[in-house]
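Everything on this sheet refers to the single structure shown next.
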């Protein structure tokens, strides 16, 4: 799977607007990696780590069944 994303936040700095953030996610876990990166950007590392732990638990449950 391939996910291409551009984030426009509209924030300003001294030179004008901050350029858009371009993100690319490839592979089997593209959706999970996308969710983790977006949660890190908008909510911080603490929330990202909690979501990552939940995804790991879910992956382990699926592998064991």
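So here's what we get for this one:
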read-out	value
Filter result for the condition that a residue is exposed (fewer than 10 other Cβ atoms within 10 Å of the Cβ) and in contact with a strand residue (DSSP E or B) (Cβ under 7 Å, 6 or more places away or on another chain), over 2, 14	2
Every residue from the stretch 12-37 that is at negative phi and assigned to a loop (DSSP other than H, G, I, E, B)	14, 15, 18, 19, 20, 28, 29
First in the stretch 50-65 and at negative phi and without any contact (Cβ under 8 Å) to a residue 24 or more places away in the chain, second anywhere and in a helix (DSSP H, G or I) and surrounded by 10 or more Cβ atoms within 10 Å (Cβ to Cβ), Cβ under 6 Å, 6 or more apart	51/39; 52/36; 55/32
Qualifying positions in the stretch 49-65 - surrounded by 11 or more Cβ atoms within 10 Å (Cβ to Cβ) and under 17 Å from residue 28 (Cα atoms)	52, 55, 56, 58, 59
Output for the stretch 39-48, where each listed residue is free of Cβ contacts under 8 Å to residues at least 12 places away in the same chain, surrounded by 12 or more Cβ atoms within 10 Å (Cβ to Cβ) and within 17 Å of residue 3 (Cβ to Cβ)	40
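We did not get these values from a lab; they are worked out from the coordinates using the rules stated. The structure displayed is predicted, hence computed values, not measured ones. No Cβ is skipped: glycine too gets one built from the backbone with ideal geometry, and neighbour counts run over all protein chains shown.
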